[in-house]
Amino acid sequence: MTTNRRGWVWLLAATLLLAAAVVLGVMVGPAGSLSAANWNIIWNVRMPRVALAAIVGAMLSLAGASYQGVFRNPLVDPYLLGAAGGAGLGATMVIAFGRAATSDWFVDPLPLAAFLGAIAAVTVTYLAGAAFGSMRTSTSLVLAGVAVASLTSAIQAFVLQRSSDGVIRAVYNWLLGSLVNASWHDVRLVLPYVVVSGAVLLAHRRHLDVLRVGDDEALTLGLDVRRVRITVVAAATIGTAAVVSVSGLIAFVGIVVPHAVRMVCGGSYRRVLPISIAVGAAFLILADIPGRMLQNPAETPLGVVTAFCGAPFFMVLLRTRRATV
Amino acid sequence: MSELLFGDLSVSYDGRVAVHPLTLAVPSGGWLCLIGPNGAGKSSVLRSACGLVAHGGSVTVAGVDTATMSTRRRSRAIAFVPQVPVLPADMTVYEYVLLGRSPFISYFGVASASDRAAAAEVLGELDLADFAQRRLETLSGGERQRIVLARAIAQGSPVLLLDEPTSALDIGHQQQALELVDRMRRERGLTVVSAMHDLTLAGLYADRLALLHEGGLVAQGSPAEVLRAEILSEFYGVSVRVHYEDDGTAIVIPNRRTRV
């Protein structure tokens, strides 16, 4: 059908965009463009940073699109069920405990704590939402997410309020999200989670299309709505937790990229999910470039850039295209 | 071969009884219409049959209890058209009708050539082929009802449940939609159960009527047996007269209380 062919064209365009972003991301930096002299910088600083930006952007966009699908709400992002709050709390605990004390640990506890914090928060949300609300509505789940997020931020505020200025600054920097210290080690650390989570989510794109007619009708079309929702939420959460554990809380990508893709290519998740991966990766690579250059040698936090660039772009899209889910 | 049987079916919400145990049989290829005032339990009966609300008693299709069926298996036996279907604005008619094939697609599979052919066939049968690439938001009320019906037909289930299929339509499109259901029933041997408010239309198309009142089954039979002024007055609390045409069609006319 023609709609399918158009989907391939968009996917190809998004892939070309990603390729251009990768080239640009590798070429541009405070040390100048590509040359034999700064090969070391390119291989050990810029390339892992570009790779990690691509992975983080792709994962947050894919997870955001999937969350929007299972909750049938265009305004949710992958942090909806408390993943951000949990990760933030985990990171805060480690930083407050003292980074000096953990410097010689075999495993760096900061990403681990952020990862586990995110998973734990979403698990608590899911158990509370399922226990206190009707299984059929996702509203109870969303409300439980709000409660868990408030709880984690309360504990976080309590810990921070008893901490030194240095700790508060470190936590704040982490929360804003950054790829300053990106290394091949980080890439290797998160890639397995992202690959598995991405594969599971992509395999559910047809189910997300069925869910577009609502839980009840999807059920009468033979879809095990609860199983699909828990599987998609679990996969999206694990992927999100993995990337935020190394990048911090990069805002806006998970909501703006799928939304933009949807407005341009239509709402079918068979197209939205794969195209969001490519566009999300490209977006974060590009957003990371001004961060290195603007206040050189200081870094502008990536989360600030994504929101600063993404928000106006999003507003233009909202104005020119009608939003559909 | 696709007889639908409600055996002591009951529904309650948080302890409040919505449907008292009722037993109803719809023969294969038959059309039963549930009538009754708002809140009588018509929708609850339909929704329990397709697994949307928990119920007591049993619902069996061709002798198989739906409680023993998986969600997928049940959706192959029973198709449901809700009162207010959700129509994603930018989905095309073809994509929407293809959703009806979901019960036949394996968990990680995609729509096969035969699924696409089945969807295209239904679009053709319902004279919707020209609509295939139209977006749902561009359709009129009558067109929407037809494509929702097309999706349910594409599901290929022997039992079709319709919750007030004509409530949002003008008289011409009401007739068109019900004629379509009737044609599909005859051509595909579907067993149909509908909930309807228009008593005259209900009597015109269904071969049996079941009158529900406050969750209980109070009358059932042929339209001529159920559509009687004294029965309707008692359970709807209205004053009506029923006029019979020569061909036996019952026309229900409300009496105006006071004439000035």
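Bear in mind these aren't lab numbers, they're just calculated from the coordinates by the rules spelled out. The structure presented is a predicted model; accordingly, all values stated were derived computationally and were not measured. All Cβ positions, even for glycine, are placed from backbone atoms using ideal geometry, and neighbour counts span all protein chains on display.
Between the listed residues A:HIS185, A:MET93, B:LEU160, the Cα displaced farthest toward the positive end of the dipole of the protein assembly as shown, a dipole computed from Cβ unit charges relative to the Cα centre, is found at A:HIS185. Post the alpha-carbon centroid distance, region B:95-153 to region B:221-260, in whole angstrom. If you average the Cα positions of each part, the centres end up 39 Å apart.
Paramagnetic label reach from B:PHE108 (point 7 Å along Cα→Cβ; backbone nitrogen cut-off under 13 Å): within region A:199-238, residues A:199-205. Computed from the C-beta positions of B:ALA224 and A:ALA13, the FRET efficiency with R₀ = 60 Å rounds to 0.40.
Let's see if you can work this out: charge +1 on each Lys and Arg Cβ, -1 on each Asp and Glu Cβ, no other charges. What is the dipole magnitude of region B:110-209 about its Cα centre, in debye to the nearest 20? Spell out each step's value before the answer.
Values: 11 positive and 15 negative charges, 47 e Å.
Dipole about the Cα centre, nearest 20: 220 debye.
Any idea what the dipole of the protein assembly as shown comes to, in debye rounded to 20, about its Cα centre with Lys/Arg Cβ at +1 and Asp/Glu Cβ at -1? Walk me through the numbers on the way to the answer.
Values: 47 positive and 40 negative charges, 272 e Å.
With only Lys, Arg, Asp and Glu charged at Cβ, the dipole is about 1300 debye.
If the segment from A:VAL316 to A:MET27 were pulled out straight at 0.36 nm per residue, it would be longer than the present Cα-Cα gap by 101.1 nm.
Mind putting a number on the dipole of chain A about its Cα centre? Charges go on the C-beta only, +1 for Lys and Arg and -1 for Asp and Glu, and I need it in Debye to the nearest 20. Don't skip to the end; give the middle numbers.
On the way: 23 positive and 12 negative charges, 180 e Å.
Around 860 debye, computed over chain A.
Annotation note: GluC sites (Glu not before Pro) in region B:162-258 located in DSSP loop regions with a Cβ neighbour count of at most 14 within 10 Å are B:GLU245. Could you tell me the calculated FRET efficiency between B:ALA129 and A:ASN44, based on Cβ-Cβ distance and R0 = 56 angstrom, to the nearest 0.05? According to the calculation, E is roughly 0.40. A crude spin-label estimate for the pair B:GLU143 and A:THR139, with each label 7 Å from Cα along the Cβ direction, gives 3.3 nm. Once both labels are positioned 7 Å from their Cα atoms along Cα-to-Cβ, the gap between B:ALA117 and A:VAL180 label points is 6.3 nm.
Bridges between two residues of the protein assembly as shown, per DSSP, are antiparallel at a rate of about 60%. Of B:THR191, B:THR138, A:THR123, the sequence from fewest to most neighbouring Cβ atoms within 10 angstrom is B:THR138, A:THR123, B:THR191.
Return A:CYS265, B:CYS33, A:CYS309 ranked ascending by Cβ neighbour count within 10 Å, so the fewest neighbours appear first. Numbers along the way, then the final one.
Values: A:CYS265 22, B:CYS33 26, A:CYS309 16.
Fewest to most other Cβ atoms nearby, the residues stand as A:CYS309, A:CYS265, B:CYS33.
Which residues does a label at A:ALA234 reach in region A:192-218, if reach means a backbone N under 13 Å from a point 7 Å past the Cα toward the Cβ? Hits in region A:192-218 for A:ALA234 at 13 Å: A:197, A:200-201. When trypsin sites (Lys or Arg not before Pro) are flagged only if DSSP places them in a loop and at most 11 other Cβ atoms lie within 10 Å, the longest unflagged stretch of chain B comes out as B:1-255. The alpha-carbon positions of chain A define a convex hull whose volume is 139 Å³ per residue. Modelled spin-label separation between B:ALA67 and A:VAL195, with each label point placed 7 Å from Cα along the Cα-to-Cβ direction: 4.7 nm.
So how do B:ASP130, A:ASP108 line up by other beta-carbon neighbours within 10 Å, fewest first? Present the calculation step by step, with values, prior to reporting the outcome.
On the way: B:ASP130 9, A:ASP108 17.
Lowest count first: B:ASP130, A:ASP108.
By the helix-only formula, in which each DSSP H run with n ≥ 4 contributes -39500 (n - 2.57) and the sum is divided by residues, chain A has a 222 nm mean residue ellipticity of -25000 deg cm²/dmol. Close amide-amide hydrogen proximity is noted between B:ALA18 and B:VAL11, B:SER12, B:TYR13, each under 5 Å apart and 5 or more residues distant or on a separate chain (H modeled in the peptide plane; Pro and chain starts excluded). The loop-placed chymotrypsin sites (Phe, Trp or Tyr not before Pro) in region A:141-203, going by DSSP, include none that has at most 12 neighbouring Cβ atoms within 10 Å of its Cβ. Compared with the direct C-alpha span, the chain from B:SER58 to B:GLU179 gains 40.5 nm at full extension, assuming 0.36 nm per residue. Restricting the chymotrypsin sites (Phe, Trp or Tyr not before Pro) of region B:17-114 to loop positions (DSSP other than H, G, I, E, B) with no more than 16 neighbouring Cβ atoms within 10 Å leaves B:TYR107, B:PHE108.
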